[in-house]
Amino acid sequence: MRVLVIDPDSARAALVAEGLAGVDPLEVRHRPFYDEAEAAAFAPDVVVVATESPDRDTIDSLRDASLANPRPVVMFVDRSEPGLAEAAVRAGVAAYVVDGLAPGRVRGVLEVAMSRFQLMNQLRKDLDKAKADLASRKTIERAKALLMKERGLEEEDAYKLLRKLSMDTGRPLGAVAADLLAFAGVLKGDAS
Amino acid sequence: MTGLVKLGFMPLDDAAGLIAAKALGFFADEGLNVELSREASWATIRDKVAVGALDGAHMLAPMVLAQSLGIGSEATPMIAPLALATDGAAITLSTRLGLGAGPSAVGLAELVAQRREMESSPLTFSVVFPFSTHNYLLRLWMAQVGLDPDRDVRIVVAPPPRMAELLAGGVIEGFCVGEPWSAVAVDAGVGVVAARAAAIAPRAPDKVFATTRAWAGENPEVLQALLRALLRGLEWADAPENRKTLAALLAEPAHIGVPADLIAAGLRHVVFHRDSVARPEPAQAGWLIAQMQRWGQVPADADLAAALAVYAPEMHDRAAGLA
């Protein structure tokens with residue numbers, strides 16, 4: 001069975017391909033976009049496509065057999081597995097199959113692709129959060145330094161003051177620190 | 001405020017109704033909390049609406065009918081209570097074809113005949129989706145000069161933002177797509193507009209706002225509020241004095257991400273609100289079904305009454321204060 005993975009996110013495509021390598025006799029290729037000539041040469045039995053790929057409509061339209069498209073595809077929806085298609089859409093992945101493949105084998109491919117998509121999306125989310133946390137920590141440090149300089153506070157007291165502001169207003173420490181810096185900027189005439 | 005309402009759109013000038021309603025606060029005025037999400041393909045919009053990952057969307061009218069009939073996807077009963085735009089599509093041909101500044105269908109037919117004699121490969125044209133007004137306009141335009149779109153040329157599907165690049169690369173020789181993508185190809189010097197939608201089938205149904213019938217049934221008041229806000233968005237977008245602001249709004253990277261002057265050039269052709277074009281007329285659904293039948297997209301046993309019932313003018317009328 002040959003599987004073609006189309007995903008503009010190359011890192012995620014590689015992760016999916018790597019996951020699929022563990023499934024029974026399988027040849028996997030991944031590409032950032034769909035190329036008709038290349039696909040015709042590879043003749044995939046299954047095309048796994050990221051729903052954020054603009055090429056999805058092209059693949060979705062290969063339903064009719066023609067000279068240029070001798071192996072029509074259908075979107076894979078496994079009725080024996082309720083909710084699978086919905087979960088796939090929510091995970092951001094769709095699978096198209098050449099008619100006649102055993103649904104069990106395709107389901108295996110789709111499930112691996114879905115879990116890898118979810119994994120990658122979670123990793124990306126964690127990374128974004130880590131970046132935001134780091135930025136927020138830097139903001140807090142700067143706000144602390146400002147309080148120490150302007151109010152002549154010790155570091156610990158400056159932090160306590162920020163924390164009190166945060167608790168009084170019910171807003172995150174990073175947001176309070178950012179406000180403080182912005183107001184300080186306005187008072188100094190940085191922004192008007 | 002209601003709960004979060006998620007609406008999808010494709011990067012096209014005719015998504016203006018949704019984008020304007022959001023940016024100008026028309027949704028908020030109705031107490032709606034709307035999140036817009038730009039999607040990369042029509043198939044993804046269709047599937048996300050079907051599973052409820054989107055509550056409603058800017059959709060191709062014939063795609064919505066096909067979805068209700070279960071053609072090309074699992075059957076999901078749909079409702080189209082509002083038409084979002086018309087006349088925005090154009091047929092653009094590659095400058096490489098050498099058909100001059102104002103290429104005609106007759107000129108194309110002559111070229112196709114010449115190429116057949118020379119046993120050259122058929123010319124390739126691109127549309128945005130099999131179930132799209134663009135596909136039918138292109139086929140009508142060809143058929144009126146005796147070309148058979150299934151035999152004399154190849155018609156493939158490609159994403160709108162990639163049309164100009166495919167034309168430049170010689171992968172396709174022409175396309176039919178909504179603005180601003182013809183304006184982009186013309187500006188890049190790779191394409192020339194051969195025919196506007198208004199010259200082929202004026203006021204042909206094109207994009208609609210659609211939801212599943214189930215969602216519409218569960219959220220009748222939210223839907224009415226959405227329709228009122230969208231009608232305001234369409235009216236605002238249609239007003240000549242707002243077009244410049246609209247072009248700048250659509251040009252933003254989160255919306256279409258194409259320079260405002262190109263957006264403005266395409267917008268000149270799009271009709272959003274005047275002459276009651278926002279009312280989803282059942283006769284238009286009938287016209288679309290006839291096109292789908294003509295090109296062999298509808299099986300003989302399809303439930304056409306169910307497809308006609310997708311168009312819901314009564315919901316539009318209520319929102320517009322006409323009923």
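Computed quantities for the displayed model
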item: Cut-off under 5 Å, modelled amide H: who pairs with B:VAL5 long-range; result: B:ASN33, B:VAL34, B:GLU35
item: The stretch B:92-109-the stretch A:148-171 distance, computed between alpha-carbon centres (Å); result: 71
item: Helix runs (DSSP H) in chain A reaching 20 Å along axis by Cα, Kyte-Doolittle at least 1.6; result: A:173-188
item: Rounded tilt (10° steps) of B:105-117 against the dominant C-alpha axis of chain B; result: 50
item: 5 angstrom amide H check on A:ARG2, placed H, neighbours 5+ away; result: A:GLU27, A:ASP45, A:VAL46
item: The stretch B:272-323 - charge dipole about Cα centre, Lys and Arg +1 at Cβ, Asp and Glu -1, debye rounded to 20; result: 180
item: Antiparallel content of DSSP bridges confined to the protein assembly as shown, in %, to 5; result: 55
item: Share antiparallel - DSSP beta bridges, the stretch B:89-200, percent rounded to 5; result: 60
item: For B:THR86, net neighbour charge (Lys/Arg +1, Asp/Glu -1) across residues whose Cβ lies under 13 Å away; result: -3
item: Karplus 3J(HN,Hα) series, Hz, for the stretch A:54-62 with 6.51 cos²θ - 1.76 cosθ + 1.60 (x for Gly, Pro); result: x, 7, 4, 5, 4, 5, 4, 8, 7
item: Number of partner chain Cβ atoms within 10 Å, mean per residue of B:32-42; result: 3
item: Sequence-separation-based contact order of chain B, relative, with Cα cut under 8 Å and 6+ spacing, percent; result: 28
item: Beta bridge orientation in chain A: antiparallel %, DSSP, nearest 5; result: 45
item: Lys/Arg +1, Asp/Glu -1 at C-beta; the protein assembly as shown dipole; positive extreme among A:PRO54, A:MET148, B:ALA113; result: A:MET148
item: Charged-residue dipole, Cβ positions (Lys, Arg, Asp, Glu), the stretch B:89-200 about Cα centre, Debye nearest 20; result: 100
item: Positive-end residue, the stretch B:154-257 charge dipole about Cα centroid, Cβ charges, pick of B:ALA188, B:GLY217, B:PRO253; result: B:GLY217
item: B:VAL177 long-range amide H proximity, modeled H, under 5 Å; result: B:ALA90, B:THR92
item: Inter-label distance for B:GLN293 and B:ARG116, nm, one decimal - labels placed 7 Å from Cα along Cα-to-Cβ; result: 2.8
item: Options A:LEU101, A:ALA40, A:VAL112, ranked by Cα towards positive dipole end of chain A, top entry (Cβ charges); result: A:VAL112
item: Computed magnitude of the charge dipole of the stretch A:28-184 (debye, nearest 20; Cβ of K, R +1, Cβ of D, E -1); result: 600
item: Zone of A:ARG107's modelled label, taken as backbone nitrogen in the stretch A:37-73 under 20 Å from a point 7 Å along Cα→Cβ; result: A:45-49
item: For chain A, fraction of C-alpha pairs farther apart than 32 Å, in %; result: 42
item: 10 Å beta-carbon shell around A:LEU15, net charge (K/R +1, D/E -1); result: -1
item: Fraction of alpha-carbon pairs over 20 Å apart in the stretch B:247-323 - percent; result: 57
item: C-alpha center-to-center spacing [the stretch A:1-73, the stretch B:1-31] in angstrom; result: 34
item: Local electrostatic count at B:SER41 - Lys and Arg +1, Asp and Glu -1, tallied over other residues with Cβ under 12 Å; result: -1
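Quick note: the coordinates plus some simple rules give every number you see, no bench work behind them. If you're wondering where the values come from, they're calculated on a predicted model, not measured in any experiment. So basically every Cβ, Gly included, is an ideal-geometry build from the backbone, and we count neighbours across all protein chains shown.
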